[in-house]
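J.: Handing you a structure now.
Values quoted throughout were computed directly from the atomic coordinates according to the rules given, and no laboratory measurement underlies them. Note that this is a predicted model, so its numbers are computed, not measured. Please note: Cβ atoms are built from the backbone with ideal geometry, for glycine as well, and neighbour counts cover all protein chains shown.
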Amino acid sequence: MKRRLAEAQERGIGSLKPWSLRCSESTFQRTIERRVKAREFLGDHKSVKDYLATRLQCDEKILTHIFRKIPQMKHITVLKVKELLDFLYDVGYSPEEVCCTPRILTRSLRTVKARVVELELLGITHPNLLVLCKTTKEYQDLIRKLKHNQ
């Protein structure tokens with residue numbers, strides 16, 4: 001335990017959860033690597049909320065409201081958000097669109113990519129982010145309707 005605490009301090013990790021001191025070595029190393037990467041991605045930003053405010057070009061007060069309205073937002077990581085925002089911006093979504101549909105940030109990158117590709121194959125090139133946020137059942141129902149209408 002002392003060795004793990006010392007290693008975490010050496011790498012600039014302030015506080016650790018008790019479970020991380022008792023877990024397997026590989027889990028501990030993965031946890032430390034993720035925390036170090038997250039800190040690197042945050043850069044000058046003090047929190048994920050601050051990072052999002054910059055990337056979404058919106059006020060932190062708006063994000064405070066969003067975090068209150070969508071509890072899952074409290075559990076997103078900066079690594080996941082960065083990858084997801086990079087993808088969304090690359091396929092043509094604007095920061096305003098993402099800010100208006102923040103629930104998209106709680107979805108996995110794999111799911112969002114798969115849905116964008118599937119919808120493009122059906123001829124929908126810039127789907128509304130609400131479509132990408134739907135539950136699996138709702139989304140499958142939508143796809144079934146779209147295929148039926150073609």
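J.: Taking the Cα centre of the stretch 44-149 as origin, work out the dipole magnitude from +1 charges on Lys and Arg Cβ and -1 charges on Asp and Glu Cβ, in debye rounded to 20.
T.: Computed charge dipole of the stretch 44-149: roughly 540 debye.
J.: Okay, next question. List the relative contact order of the chain as a percent without decimals, with contacts defined as Cα pairs under 8 Å and 6+ residues apart.
T.: Value for the chain: 15 percent.
J.: Moving to a separate point now. Near residue 134, which aspartates and glutamates are there with a Cα under 17 Å away, not counting those fewer than 8 places off in the same chain?
T.: Here the aspartates and glutamates satisfying the reach criterion relative to residue 134 are 97, 118, 120.
J.: Further, regarding this structure: Ranked highest first by the average count of other Cβ atoms within 10 Å around their residues, in what order do 13-21, 79-87 fall?
T.: In decreasing order of mean packing, 13-21, 79-87 become 79-87, 13-21.
J.: Turning to a different aspect of this structure: In a shell of Cβ-Cβ distance under 11 Å around residue 23, excluding residue 23 itself, what net charge do Lys and Arg (+1) and Asp and Glu (-1) give?
T.: Cβ neighbours under 11 Å give a net charge of +3.
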